[in-house]
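Take a look at the structure below.
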Amino acid sequence: MTTAYIVAAARTAGGRRGGKLSGWHPVDLAARVIDELLDRSGCDPAQVEDVIMGCVSQIGEQAFNVARNAVLASRLPESVPGTSIDRQCGSSQQAIHFAAQAVMSGVHDVVIAAGVESMTRVPMFSPGELPRKNGMGYYMSPEIRRRYGERDFSQFDGAEQIAVKYGFSKDELDRYSLQSHQRALRASEAGAFEREIVAVEARTADGATGEMHRRDEGIRANATLEGIAGVKLLREDGRITAANASQICDGASGVMIANEAAVKRLGLKPLARIHHMSVMGHDPVIMLEAPVPATQRALAKAGMRIGDIDLYEVNEAFAPVPLAWAQALDADPERMNVHGGAIALGHPLGASGARLMTTLLHALQARGGRYGLQTMCEGGGMANVTIVERL
């Protein structure tokens, strides 16, 4: 097996629902990231052998193999195929794993792993709810209900269960949410995101165009603990609110992955080496706790300890997720989500995995760190873990 290198990484700045990216067709937005990866790597487009793209809501504008459609809208030649995958919120992190596995095996030499989600144009839950409302059934089969009960799996219930299990008060969740905005604001104002963001023209759903979109739209410069604490609870006796959960977001992201042969032959410059990758299933009811055992197993398989990792990106689907992860792993909170997370930057579902990787790589480079770890909770009770070594 040869080594998998990340040779380019880029993302759009997040767009709020109905915001500056809401006028972009998701195929064209993803194509813009693909073109940026070609520019940053200097790779001949004809050398790319596949595009693997994560997308959760594969319906409407994101249907009919969004990866192949993004290829056709990009500068890549028609000879480049594309395939779309759904591992829920970890879809583009899984795309990275599949791309790395392809180049490590020698089946391919250069593969683009990417993700896209327009949560404005293709609302969350559309793939399940639209068929359900039109008499075409639902994913919860009789056997699943027999095994797990009659209630639908719910990420919102899972977040509440994690908060209770790990003993987090609503005040702690709100304080973490404020920290996410503060860290993201400091990073944005210091220019920490400039190298990772590909600027695209702002386009709103009403057809208006404007300046280039370069700043994550969800960051709240005026966020206060009082304001966050005042947001309505999602359920009467709960602890989760929209303010201590990730933001609905539009966005695209991607990385280019190459093996040693391609790096030498094409003169590519690696940013990092894939050191470890794994995925694990867990309880689908509590659902969002999977990053904890998945990381524990990943570190054991990699022969590492949590203290060996310089920076961690743990997706902020809900505030209790990274808090529980840090508590269970005895991880240094000062190394986790150092530039804020999805609570401030947004969570464009299928694009989030490659977005986290892009942010992690650039943060490692800026801070001179060696190892970075990425993990995220996923619908159905799963988690991917990726460990990279900066070069």
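Structural remarks
- Mean sequence separation of contacting Cα pairs (under 8 Å, at least six apart), scaled by the length of the chain, corresponds to a relative contact order of 28 percent.
- Distant-in-sequence amide H partners of Gly379 (H built 1.01 Å from N, under 5 Å): Cys89, Gly90
- Bins of 10 Å, starting at 0 and running to the largest distance - Cα pair percent for the range 1-154: 11, 36, 30, 17, 7, 0
- Estimated at 0.36 nm per residue, the fully extended path between Asp152 and Val285 surpasses their Cα-Cα distance by 47.0 nm.
- Nearest-0.05 FRET efficiency for Val231 and Arg145, computed from C-beta distance (R0 25 Å): 0.15
- Approximating the spin labels as points 7 Å out from Cα along Cα→Cβ, the Glu194-to-Thr224 distance works out to 3.2 nm.
- Residues in the range 13-18 carry Karplus couplings, in order, of 5, x, x, 5, 4, x Hz; the curve used is 6.51 cos²θ - 1.76 cosθ + 1.60 with θ = phi - 60°, and Gly or Pro positions show x.
- Pairwise FRET efficiency - Asp332 versus Gln365, Cβ, R0 = 22 Å, nearest 0.05: 0.70
- In order through the range 191-203: 3J(HN,Hα) via Karplus (6.51 cos²θ - 1.76 cosθ + 1.60), integer Hz, x for Gly, Pro: x, 5, 8, 4, 6, 8, 8, 8, 6, 10, 5, 5, 9
- Prolate/oblate/rounded call for the range 192-303, Cα gyration tensor, a/c under 1.5 rounded: oblate
- Placed amide H near Asp50: partners under 5 Å, 5+ positions off or other chain: Ile112
- Percent accessible area from carbon and sulfur atoms, the range 287-387, protein chains only, probe 1.4 Å: 45 percent
- Largest first, the residues Phe193, Phe156 sort by 1.4 Å accessible area into Phe156, Phe193.
- Potential extension, Gln296-Asn134 segment - 0.36 nm per residue separation minus Cα distance: 54.0 nm
- Residues Arg75 and Arg215, FRET efficiency given R0 of 25 Å [Cβ-Cβ distance, rounded to 0.05]: 0.45
- Over the range 263-391, Cα pairs under 8 Å with separation of 6+ residues give a relative contact order of 43 percent.
- For the range 174-286, the relative contact order comes to 22 percent (Cα pairs under 8 Å, sequence separation of at least 6).
- Sorted on the mean count of surrounding Cβ atoms within 10 Å across their residues, most packed first, peptides 58-64, 236-242, 354-360 read 354-360, 58-64, 236-242.
- Selected from Ile96, Ile228, Ile197 as most flexible by GNM, with the chain as the system and alpha-carbon contacts under 10 Å: Ile228
- A straight line joining the Cα centroids of the range 1-73 and the range 306-325 runs 26 Å.
- Every helix of 4 or more DSSP H residues in the chain counts as -39500 (n - 2.57), and over all residues that averages to -10500 deg cm²/dmol at 222 nm.
- Within the chain, antiparallel bridges make up roughly 70 percent of the DSSP beta bridges whose residues both belong there.
- Distance between modelled label sites at Lys269 and Val107, nm, 7 Å Cα→Cβ extension: 3.1 nm
The values are calculated or read from the model by the stated rules, or taken from the named source; none is laboratory data. All of these numbers come straight from a predicted model, not from anything done at the bench. Because the Cβ atoms are built from the backbone with ideal geometry, glycine has one as well, and the counts that use them run over all protein chains shown. All accessible areas refer to the heavy atoms of the entire protein, side chains included, with ligands and DNA or RNA removed. Shrake-Rupley method; radii C 1.70, N 1.55, O 1.52, S 1.80 Å.
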